[in-house]
Amino acid sequence: MTHGTHSNYAHGCRCPFCKDAHREYIEKATRDRAYYGPSLGSATNYRAMLRRLTLPEMTLAEIAHETGIKLSTLEDIRAGRSGKVQRRTRDALDAFALTLPTEREDAV
Ligand SMILES: [Zn+2]
């Protein structure tokens, strides 16, 4: 057990060092949330996006390669197994969507 860490606090230690670390952890999380938005966002839009993109022009593996997101993560999103998506995954998919020439739904 290392004192002065949030994880030690989470395991029940209430020494002054761990309390300090916990307070800093909460403050940072609060700042990050205010700045970046919630760390987990709804998967609904991304699920729709992945289903649209992968029929049939692009495979999920290609999207994983382009975005650096793990293939299993994309599979979970597309299959609806993930209700929430991490911020870095959302950011990567948002950035990727911007590189696409057109939205497929426009072409229908
Ligand atoms: Zn401690």
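The values are calculated or read from the model by the stated rules, or taken from the named source; none is laboratory data. Quick caveat: nothing in here was measured; it's all calculated off a predicted structure. Counting neighbours? That spans all protein chains shown, and the Cβs are built from the backbone with ideal geometry, glycine included.
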Looking at this structure, is Lys70 at pLDDT 90 or above and either of a type in the set (Lys, Arg) or touching a Pro at 6+ places or on another chain (Cβ under 8 Å) (or both)? yes
Among the listed residues Thr54, Thr99, Thr30, identify the single one that is surrounded by 12 or more Cβ atoms within 10 Å (Cβ to Cβ), among the β-branched types (Val, Ile, Thr), modelled with pLDDT under 90 and more than 16 Å from the chain's Cα centre (by Cα). Thr54
Go through (1) outside the structural domain of Arg87 (by TED's automatic domain parsing); (2) part of a loop (DSSP other than H, G, I, E, B) for Lys28 and report which single condition fails. (2)
Number of the exception - Arg14 against (1) of a type in the set (D, E, K, R); (2) outside any helix (DSSP H, G or I); (3) within 15 Å of the chain's Cα centre (by Cα): (3)
